[in-house]
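The values are calculated or read from the model by the stated rules, or taken from the named source; none is laboratory data. Since we're looking at a predicted model, the values are computed, not measured. Quick reminder, even Gly has a Cβ in these numbers, built from the backbone with ideal geometry, and neighbours come from all protein chains shown. Note: accessible area is taken over every heavy atom of the protein model, side chains too, but ligands, DNA and RNA are not part of it. Shrake-Rupley method; radii C 1.70, N 1.55, O 1.52, S 1.80 Å.
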Amino acid sequence: MKQNLFIAACFAAVLASCGGSPESRSTSTTSTSTSVDTGTTVAPATPSAKHPGEILIAKSDCIGCHNKVQKVVGPSYTEVAEKYTNDDKTVALLADKIIAGGKGVWGEVPMTPHASLSKDDAKEMVKYILSLKK
């Protein structure tokens with residue numbers, strides 16, 4: 001027991017003598033590389049912005065029956081994108097189907113209606129789905 005405590009104390013002392021946490025070490029290190037100013041500016045990397053329709057889908061119950069790339073109960077979003085053209089008429093048609101629900105296009109399992117969804121939000125969702133066409 002005393003030996004285990006001694007080993008633990010030694011280990012803690014070694015860690016403490018190494019400069020603390022990894023975060024404090026990473027901010028205190030300096031780089032020895034040199035750079036040449038070429039006169040060009042490179043923008044910092046930023047995470048890609050999500051499509052408004054993708055955000056709306058993530059907040060909805062769609063994930064219970066659909067997936068981006070594979071069939072669940074209903075078709076995947078990429079299957080839908082491959083089946084339909086990306087134009088205003090199709091966007092309006094599919095937005096209406098999301099709001100009213102439907103059955104028969106992808107099989108006999110009906111899609112439940114989403115009557116509380118606004119037409120504009122449904123259109124944004126459809127625009128995102130159709131943007132997945134390869």
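The numbered conditions (1) in a loop (DSSP other than H, G, I, E, B); (2) in contact with a helix residue (DSSP H, G or I) (Cβ under 7 Å, 6 or more places away or on another chain) are all true for ILE57 except (1).
Within the option set LYS103, LYS119, LYS123, being exposed (fewer than 14 other Cβ atoms within 10 Å of the Cβ) and within 22 Å of LYS50 (Cβ to Cβ) holds for one residue only, LYS119. Of the residues in the stretch 60-80, not one is open to solvent by 80 Å² or more (accessible area, probe 1.4 Å), modelled with pLDDT of 95 or more and touching a Gly at 6+ places or on another chain (Cβ under 6 Å).
The residue that is farthest from ILE63 (Cα to Cα), counting only those in the stretch 112-124 that are of a type outside the set (D, E, K, R) and under 24 Å from the mean Cα position of the chain (by Cα), is SER118. Within the stretch 80-134, the set of residues being touching a residue at least 12 places away in the same chain (Cβ under 8 Å) and among the acidic types (Asp, Glu) comprises GLU82, ASP96, ASP121, GLU124. Across the stretch 57-68, the qualifying residues are those that are touching a residue at least 60 places away in the same chain (Cβ under 8 Å) and more than 12 Å from the chain's Cα centre (by Cα), and the one among them that is nearest to LEU130 (Cα to Cα) is CYS62. Does any residue of the stretch 105-112 turn out to be touching a strand residue (DSSP E or B) at 6+ places or on another chain (Cβ under 6 Å) and hydrophobic (A, V, I, L, M, F, W, C)? Yes, the stretch 105-112 contains a residue that is touching a strand residue (DSSP E or B) at 6+ places or on another chain (Cβ under 6 Å) and hydrophobic (A, V, I, L, M, F, W, C).
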